[in-house]
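Any read-out appearing in this document is the output of simple, stated calculations on the displayed coordinates, not a laboratory observation. Given the structure is predicted, the values throughout are model-derived calculations rather than measurements. When we count neighbours, we look across all protein chains shown, and the Cβ atoms used for this are built from the backbone with ideal geometry, even at glycine.
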Amino acid sequence: MRIAFVSLGSPFNRASWSGIPYYALRELSRRFNDLTVIDTPRVDESLRYASSLAAVGVLVSREPVVTRAFAHWLDKRLTEADADAVISIGAAHKVAYIDPKWPVVHVADALFGPLVDYYPKYRPLNGRSRRIGNALQRQLINRNQPILLTSDWAARSAAEYYNVPNDRFEVAPLGANFDLEPAPCERTSQGDKLKLLFVGYDWPRKGGPLVLKVFKELRRHLGDAELHIVGCKPAESFGVEGVVHHGHLSKTDPAQAALLESLFRESSFLFMPSQQEAFGLVYCEACAFGLPSIARDTGGVSAIIKNGENGLLFDADADVETYVAGIREGWADEQRYLAMTRAARAAFENRLRWHVWGATIEAQIRALGQRDDDD
């Protein structure tokens, strides 16, 4: 089959959408010999900058002049490629209005309506932006072609919001982003102290203030616990005993990548209780290193973390004391903790790899081809 690949941002730029288009393309290129990438990097970058207008109520990427232009341009490129099907990675605004003759497999972490209701940054969107965004999303749903979402939360919220059956969507978690998957390394002990790891750029949304409060209480109980912060340097964390700042660590820099890997391997827990998280790739990466996660049960996080198995998942409204008690309990039982480390690695190998995701996508594409042959 001749497959066309379209994504939210350029799949040749690892920074696009947390690297998802890049790693999705890498996986699909292994599976389909005839795959054409239809890339629009300059337009994508312009739309990324224009996304700041959401703060004043406008979502430029869903404007009809943009979506219709994408559809017109894509129809030409798809004709030139003689494509049999299209894989859309988060690119609803590009593919929703293309000619119905092109079958589309669409991949997303959530659909428009539930997403804008969930993330605070979209609250200012005006009524018109919401109407045209939902109209575009319904257009894609009504194509009656595969839509793969990353979690049960995303599928359930989409079905409820757009009043369609749950089985309209299939759940396919994304994989951890690695050029070379880390080898398994089973832990035989907890180590000498509790070491918490926070990895994120958005300190407030990723639950940083809560992490710091919990850490201070844990240190009061346990003594020499450590908190390692990667991705940001929040002012409130400076001067706090036991906090170690690493700043931004780039995976493309060998020395920084090695440091980041050592933090994943040597920490006790990844601690990132995000306030909003449609999925959370960093939890998948932690699992690859056999590192259990501590997180808030919100959005699609439970698609990755199973409470008491490969991490600790707390209610959305859990307070500092609840986190402290739960972490202390999980840490006090070494055998239980080590079982979580093994379950974390097993979750990566069985559920949270791009290879697993790719198999689901390939099956959907093959099914589309079979359906066309039957017609």
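Results, tabulated for the structure shown:
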| read-out | value |
| --- | --- |
| Per-residue Cβ neighbour rank within 10 angstrom, fewest leading, THR36, THR252, THR341 | THR252, THR36, THR341 |
| Whole-number percent relative contact order across the stretch 195-350, with pairs defined as alpha carbons under 8 Å at least 6 apart | 22 |
| Gyration tensor verdict on the chain (Cα atoms; rounded if a/c is under 1.5, prolate if a/b is larger than b/c, oblate otherwise) | prolate |
| The chain: angle of helix 152-162 to the longest principal axis, Cα-based, in degrees nearest 10 | 40 |
| Selected from LEU115, ALA257, PRO182, residue furthest toward positive end of dipole (the chain; charges at beta carbon) | LEU115 |
| Degrees between helix 64-81 axis and first principal axis of the chain (Cα, 0 to 90, nearest 10) | 70 |
| Sequence ranges 54-63, 283-292, 75-84, ranked by mean other-Cβ count within 10 angstrom, highest first | 283-292, 54-63, 75-84 |
| Taking the chain and dividing mean pair separation by its residue count, relative contact order in percent (alpha carbons under 8 Å, at least six apart) | 15 |
| Local electrostatic count, ARG342, Cβ distance below 12 Å [Lys/Arg +1, Asp/Glu -1] | 0 |
| Three-way shape label, the stretch 1-129, alpha-carbon gyration tensor, a/c 1.5 | prolate |
| Cα-based Lys pair tally, the chain, threshold under 25 Å, eight or more apart or on separate chains | 25 |
| In degrees, nearest ten, helix 41-50 long axis to first principal axis of the chain (Cα) | 60 |
| Residue-averaged 222 nm ellipticity for the chain, from DSSP H runs of 4+ at -39500 (n - 2.57), nearest 500 | -14000 deg cm²/dmol |
| Relative contact order (%) - criterion: Cα under 8 Å, at least six apart; region: the stretch 240-295 | 32 |
| Summed residue charge, Cβ within 15 Å of SER262's Cβ, Lys/Arg positive, Asp/Glu negative | -1 |
| Neighbour net charge for ALA155 - beta-carbon separation under 13 angstrom, K R +1, D E -1 | -3 |
| Three-way shape label, the stretch 195-350, alpha-carbon gyration tensor, a/c 1.5 | rounded |
| Debye, to nearest 20: dipole size of the chain, +1 on Lys, Arg Cβ, -1 on Asp, Glu Cβ | 820 |
| Histogram of C-alpha separations across the stretch 212-264, 10 Å bin width, % | 24, 44, 27, 5 |
| Protection-proxy order for peptides 180-191, 128-139, each taking the mean of Cβ atoms within 10 Å per residue, highest first | 128-139, 180-191 |
